[in-house]
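The values are calculated or read from the model by the stated rules, or taken from the named source; none is laboratory data. None of these values were measured; they are calculated from a predicted model. Using ideal geometry, Cβ is built from the backbone for each residue, glycine included, and neighbour counts are taken over all protein chains shown.
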């Protein structure tokens with residue numbers, strides 16, 4: 001277990017005492033309670049926990065899409081009060097524009113930020129090659145599989161070279177085999193780019209496969225119940241799933257989930 005009071009030195013994401021409540025018809029609903037978490041520069045951190053524990057809300061607060069009721073978030077030392085410029089986001093659905101090609105959908109990120117497309121031509125080519133989309137540049141979303149659509153979403157999130165990548169169950173809607181392939185793909189992209197990643201998932205094995213650390217959140221209002229270190233060599237492959245070290249990490253996460261009264 002990792003002592004969350006003494007996080008790694010260089011902070012890409014610093015979440016300090018973040019609490020959040022939603023106003024409902026019957027009053028105030030607290031979803032996050034004093035979240036304290038640091039993601040180091042270049043670190044891959046996954047968040048697991050029961051549905052409704054505030055995982056997605058926490059990610060939206062880090063992205064600057066939601067203002068926390070109290071506490072603060074810093075990305076690369078900068079206090080986040082609005083949508084953060086240094087962040088790329090991938091959601092569960094690829095949310096591609098159906099009338100735009102692969103390149104057109106990726107370039108949307110550049111257009112929205114009023115950046116010159118010509119400056120990103122090289123980066124665009126690299127991202128397409130890196131995510132295995134070469135030859136599909138002109139394809140429309142309906143011509144792509146679910147996994148391919150998520151590759152486009154990943155390119156779109158990375159094209160402006162953000163420091164941070166936020167991913168909210170990005171492979172949750174894919175079939176098991178495609179999901180495994182995308183896990184391997186994401187690990188490869190991450191090892192090459194060394195972005196700091198905050199990754200939300202319901203899959204314990206996915207979290208272990210991808211992460212340096214796994215944050216376990218309690219049922220609502222969500223608190224950081226435990227942090228599990230994943231000490232497996234990289235690059236990882238799915239042959240490791242049957243190994244004793246993978247099994248030990250799995251047991252540790254399950255034990256933490258059992259302790260808060262939930263098994264995902």
Filter result for residue 23 (surrounded by fewer than 20 Cβ atoms within 10 Å (Cβ to Cβ), in a strand (DSSP E or B), touching a residue at least 24 places away in the same chain (Cβ under 8 Å) and out of contact with any helix residue (DSSP H, G or I) (no Cβ under 8 Å at 6 or more places or on another chain)): no
Considering only segment 163-175, state which residues are under 19 Å from residue 43 (Cα atoms) and crowded, with 21+ Cβ neighbours inside 10 Å. 164, 165, 166, 167, 168, 170
Within segment 52-81, how many residues turn out to be assigned to a loop (DSSP other than H, G, I, E, B), without any contact (Cβ under 8 Å) to a residue 24 or more places away in the chain and within 22 Å of residue 225 (Cβ to Cβ)? 0
For segment 140-152 the number of residues that are touching a residue at least 40 places away in the same chain (Cβ under 8 Å), surrounded by fewer than 23 Cβ atoms within 10 Å (Cβ to Cβ) and in a helix (DSSP H, G or I) is 4
Those helices (runs of 4 or more DSSP H) completely within segment 163-264 that have 3 or more residues that are within 28 Å of residue 19 (Cβ to Cβ), over 20 Å from the mean Cα position of the chain (by Cα) and modelled with pLDDT of 90 or more are 244-259
Given (1) touching a residue at least 12 places away in the same chain (Cβ under 8 Å); (2) within 27 Å of residue 75 (Cα to Cα), identify the lone condition not met by residue 137. (2)
In segment 104-134, anything in contact with a helix residue (DSSP H, G or I) (Cβ under 7 Å, 6 or more places away or on another chain), farther than 12 Å from residue 160 by Cβ and without any contact (Cβ under 8 Å) to a residue 60 or more places away in the chain is listed as 105, 128, 131, 132, 133, 134
Testing residue 93 on (1) surrounded by 13 or more Cβ atoms within 10 Å (Cβ to Cβ); (2) modelled with pLDDT of 90 or more; (3) assigned to a loop (DSSP other than H, G, I, E, B), one condition comes back false. Which one is that? (2)
Kindly provide the set of residues from segment 40-51 that are assigned to a loop (DSSP other than H, G, I, E, B) and within 16 Å of residue 88 (Cβ to Cβ), ordered by number. 41, 42, 43
